[in-house]
Amino acid sequence: MFVSDFRKDFYEVIVSQRVLLLVASDVDALCACKILQALFQCDHVQYTLVPVSGWQELETAFLEHKDQFCYFVLLNCGANIDLLETLQPDEDALFFVCDTHRPIDVVNVYNDTQIKLLIKQDDDLEIPVYDDIFRDETEENEDDSGNESDGSEPLGKRRRFDEDAMEKRIEKRRQRRDWETRRREILFDYEQYEYHGTSSAMVMFDLAWIMSKDSNDMLWWAIIGLTDQWVHDKITQMKYVTDVGALQRHVSRHNHRNENEGNSLSIDCMRIVFEYDLRLALYQHWSLYESICNSCYTSASFKLWSVQGQKRLQEFLADMGLPLKQVKQKFNSMDISLKENLREVIDESANKFGMKDLRVQTFSAQFGFRNKFLANDVVFAVASLMENVEKDENGAGNFIRALDSLSRSNLDILRLGLELAKKQLRAIQQTVASCICTNLIISQGPFLYCYLMEGTPDVKMFSQPMVLWLLSKSLLRSFVCSTKNKRCKLLPLVMAAPLDVEKGTVILVGIPPVTESSDKKNFFGRAFEKAAESTSSRTLHNHFDTSIIELKTEDRSKFLDALISLLS
């Protein structure tokens, strides 16, 4: 059931208990976790934190800890499946679920005793009415048994009574069949598309604000959680702008300074500022040239994989009047005179070259004098730390390092994340270029398909879901910019990459078409399930995002054939 008063029905319930925190491996969940940890620290709440990257890890973690805990908080996991069916908990276990995944499982919505949903109901949830999907079996059985005659009436009367009872029973069965058909239709419509709701970090920040315990740090984490949804293209532009507006009010409240106070600030204080900044990844920590070449938006717009695209980039730089020597050196080392109105200069030239959306509403945080970070740069850094494949560490080690990088005291870890993010972005653009130049993207009818062969450079990096998602988004946008086929511009993409060569598995991701009016709803989750069922393909639906699955390599062709016939 939905919790209406987060303070009374959630926080005050767990504040005197031992709590198990189960946190998904995504940046928004990490930020929500940091906010909750800060609140727990204020009130000395005892908790254990367990990172979970998929359903299997969630079940294992629950089984390991269920005897020691009665209160479980799930961040960005658990809402979109029947939790009680999956985990089989004791009756005294209580689950608080703060999750952006939609649609929410109807059993979770209508369970009043054990499932408490920390989810904003102003999101467009469209939950089916209780009576349309649940029926009381006992009432029906009583009706049926009440219609049985007890044999005390005269024979003729009894026969007539039996006929009436039979007709009633047949009518009831017909109504039951109609109701079941209607129920299937309602549930199919409700569960057909996967999409995302309000950022969990924002929900947790609202809780802190209600309790008057919010701080600038918590606000920064809420901003990063929202920016993560935008960077990974999980929410619509409209939703992003609305949520930015909500956070902007908090930024003004926390970062308001009187003029005479301005110079008395401590050197290590934190200041958050609303920015209308460039859509260029990591440009303040890189060179402007590298950032333009390795940002998805500019790379696709210029078609940088082609000679013609490289020429257009040179023309763009010339139009801005920026010398190559300046553009190719570190941003920090550029002439101050060039940096002063750089955004306006770039934006003006970008409009001439057809890039009308190069500037975006965002926030930056400054720690002291030197350390300034844009929210989307922090998202790239934290995500790359979480999916770092350079060290053969387990997922928990990467998770803890990514969590640490969000603290102001660990800027060295954040800088390491920025370097890893640069490697990832370079690898993504190199792979996009090679896929387009070697025509690896095939139109399969209802969707486009691309498979990264074993032996492709950086293929190990793309076995991770978030990096593969970014690669797929970048590849689809670049393909849409490069193809002349109008039909192909409207198609979604299915991308596969080797996961484990020894086990013979691939990771498969499905992403919706690139359109300006896109509602970011993804139908591949259901389609993957149906295709796997109909062909008995050996798949593992372990990710919290249902549009990412694991598949046996030898089952790939029959699975794809089933997917084509299903979506045709």
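Quick notes
- Whole-Å distance, taken between Cα centres, linking region 81-112 and region 375-447: 31
- Each Lys and Arg contributes +1 and each Asp and Glu -1, all at the Cβ; summed about the Cα centre of region 481-568, the dipole is approximately 440 debye.
- Residue-level accessible surface for Lys328, protein heavy atoms, 1.4 Å, Å²: 110
- Cα shape, region 348-461, gyration tensor, a/c 1.5 rule: oblate
- Of Leu475, Val52, Ser568, farthest towards positive along the dipole that unit charges on Lys, Arg, Asp, Glu beta carbons give the chain: Leu475
- As a calculated quantity, the FRET efficiency between Lys328 and Lys558 at R0 = 41 Å, using C-beta atoms, amounts to about 0.25.
- Ligands, DNA and RNA left out, the 1.4 Å accessible surface of the chain is 49% carbon and sulfur atoms.
- Relative packing of 509-515, 5-11, which averages over residues the other C-beta atoms within 10 Å, highest first: 509-515, 5-11
- Net charge contributed by nearby residues that have their C-beta within less than 10 Å of Asp217 (K/R +1, D/E -1): +1
- Only protein heavy atoms count here; on that basis, with a 1.4 Å probe, Thr60 has an accessible area of about 70 Å².
- Whole-Hz ³J(HN,Hα) from phi, Karplus 6.51 cos²θ - 1.76 cosθ + 1.60, for region 360-370, glycine and proline x: 9, 6, 7, 9, 10, 10, 10, 9, x, 9, 8
- Between region 1-67 and region 325-339, the alpha-carbon centres lie 45 Å apart.
- Between Leu125 and Ser306, the FRET efficiency estimated from the beta carbon spacing at R0 = 51 angstrom works out to 0.70.
- Tensor-based shape of region 11-128 (alpha-carbon gyration tensor, a/c under 1.5 rounded, otherwise prolate or oblate): rounded
- Secondary-structure-derived ellipticity at 222 nm for the chain, considering helices only, amounts to -15000 deg cm²/dmol, per-run term -39500 (n - 2.57) for DSSP H runs with n ≥ 4.
- Averaging 1/r over every pair of different alpha carbons in the chain and inverting the result gives a Kirkwood radius of 26.1 Å.
- Calculated FRET value between Ser534 and Asp90, using beta carbons and R₀ = 41 Å, to 0.05: 0.65
- When nucleic acids and ligands are ignored and a 1.4 Å probe is applied, Lys558 ends up with an accessible area of around 80 Å².
- Beta bridges per DSSP with both ends in the chain, % antiparallel, nearest 5: 55
- For the residues His232, His256, a 1.4 Å probe over the protein chains yields an accessible-area ranking, largest first, of His256, His232.
- The largest accessible area among Tyr110, Tyr190 belongs to the first residue in Tyr110, Tyr190, and the rest follow in falling order (1.4 Å probe, all chains).
- The chain - accessible surface per residue (Å², probe 1.4 Å): 47
- Each residue of region 57-70 is assigned a 3J(HN,Hα), and the resulting list reads 5, 5, 5, 4, 4, 5, 4, 5, 10, 5, 6, 9, 10, 10 Hz, derived from the Karplus form 6.51 cos²θ - 1.76 cosθ + 1.60 (θ = phi - 60°), x at Gly and Pro.
- Sequence of Cys293, Cys437, Cys70 from largest to smallest accessible area, 1.4 Å probe: Cys437, Cys70, Cys293
- Whether region 460-504 is rounded, prolate or oblate, judged on the alpha carbon gyration tensor where a/c under 1.5 counts as rounded: prolate
- Under a model in which nothing but the beta-carbon of Lys, Arg (+1) and Asp, Glu (-1) is charged, the chain shows a dipole of about 3060 debye around its Cα centre.
The values are calculated or read from the model by the stated rules, or taken from the named source; none is laboratory data. Just so it is clear, the structure is predicted and the values come from calculations on it, not from any experiment. Every residue, glycine as well, gets a Cβ built from its backbone with ideal geometry; the counts of neighbours run over all protein chains shown. Surface areas here come from the heavy atoms of the whole protein model, side chains and all, with no ligands, DNA or RNA. Shrake-Rupley method; radii C 1.70, N 1.55, O 1.52, S 1.80 Å.
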